[in-house]
Amino acid sequence: MEIRQLKYFAAVADTLNFSRAAETLFISQSALSKQIADLERELGMVLLQRDKRSVRLTPAGKVFLNEAYGYDTDPFKKYQ
């Protein structure tokens, strides 16, 4: 897992839209989709539920997002 993948996932989770997230990150939508798919494969879980019209966080995606933001904002918080 790479920091870049966490940022990409957070951008998609924030916008719930791959196109907007890709624009914000200044990368192509296909590159973003591949990185998210690689992250999901590495973690062994689906983080985002996708269909042609919408993107939603799965329950696992919500937990992962909370953990990623918790670590990102205060890496020592969980140890206090």
What's the long-distance tail for the chain, i.e. % of Cα pairs beyond 20 Å?
28
With the contact rule set at Cα under 8 Å and sequence spacing of 6 or more, what percent relative contact order holds for the chain?
24
At 222 nm, what value in deg cm²/dmol follows for the chain if DSSP H runs of at least 4 each add -39500 (n - 2.57) and the sum is divided by all its residues, to the nearest 500?
-20000 deg cm²/dmol
Could you report the accessible area of residue 27 in Å², rounded to 10, computed with a 1.4 Å probe on the protein chains as they sit in the structure?
50
Helix 3-15: angle to the longest alpha-carbon principal axis of the chain, degrees 0 to 90, nearest 10?
70
Compute the accessible area per residue over the chain, keeping the other protein chains in place, probe 1.4 Å, unit Å².
71
So what are the ³J(HN,Hα) numbers for region 37-53, from phi and the Karplus equation (6.51, -1.76, 1.60; θ = phi - 60°), rounded to whole Hz, Gly and Pro as x?
4, 5, 4, 4, 5, 5, 7, x, 8, 8, 9, 10, 9, 10, 9, 5, 10
Karplus 3J(HN,Hα) series, Hz, for region 17-33 with 6.51 cos²θ - 1.76 cosθ + 1.60 (x for Gly, Pro):
7, 5, 5, 5, 5, 4, 4, 4, 8, 6, 9, 6, 4, 5, 5, 5, 4
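The values are calculated or read from the model by the stated rules, or taken from the named source; none is laboratory data. Computed from a prediction, not measured in an experiment: that's the story for all the values here. Just the protein is used for accessible areas: all its heavy atoms, side chains included, with ligands, DNA and RNA removed. Shrake-Rupley method; radii C 1.70, N 1.55, O 1.52, S 1.80 Å.
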